[in-house]
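Structure first, then comments.
No lab work stands behind these numbers, since they all come straight from the coordinates. Note that this is a predicted model, so its numbers are computed, not measured. Cβ atoms come from the backbone with ideal geometry, glycine included; neighbour counts cover every protein chain shown.
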Amino acid sequence: MSNEKGLSFIEILLSIVIIICICGTLLPFSYHLQRTTINKELELHASEVALNGVRIVQLYGITGGVINIQQVEYKWNYTLGEICVSFNNLNEERVKCVSI
């Protein structure tokens, strides 16, 4: 309640507690969202590396290589109609294979 001098001490404390609760629930969600976005970006780069690897195989006959994108090393290898790209995402080493 407002009095002549402004808000009471209890009202200010209650407002601060509510703001802390809202921030406490939003921070873990935003952290999870950020990690998911970074992993999706790494997966997209792996797909681009696979596409470039197929082009290199078709043009030059080279069946393996390494491509660095944003300080992440993507190793690709072509065997028997399938191209596989290995890279490290935030959780573990990941291998993405695509049949051609």
Checklist outcome for this item: Between Gln70 and Gln58, the two model label points (7 Å from Cα along the beta-carbon direction) sit apart by a distance in nm of 2.7
Item to check | region 27-43 and region 86-100: distance between their alpha carbon centers, rounded to Å | outcome: 17
Item to check | Percent breakdown of C-alpha pair distances by 10 Å bin, ordered from the shortest bin, for the chain | outcome: 14, 30, 16, 11, 10, 9, 7, 3, 0
Item to check | Under 25 Å from the Cα of Lys75 - lysines, other chains or at least 8 residues apart | outcome: Lys40, Lys96
Checklist entry - Label point 7 Å out from Gln34 along Cα-to-Cβ: which residues of region 83-100 have amide N under 20 Å? => result 89-92
Checklist entry - What's the Cα-based Rg to Rh of region 5-56, Rh via Kirkwood? => result 1.53
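Which whole-number percent is the relative contact order of region 7-99 (Cα, under 8 Å, 6+ apart)?
Contact order relative to length: 20 percent.
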Checklist entry - Isolated Cys in the chain by the 4.7 Å beta carbon test? => result Cys21, Cys23
Item to check | Separation in nanometres of the label points that stand 7 Å from Cα toward Cβ, at Leu27 and Glu92 | outcome: 2.9
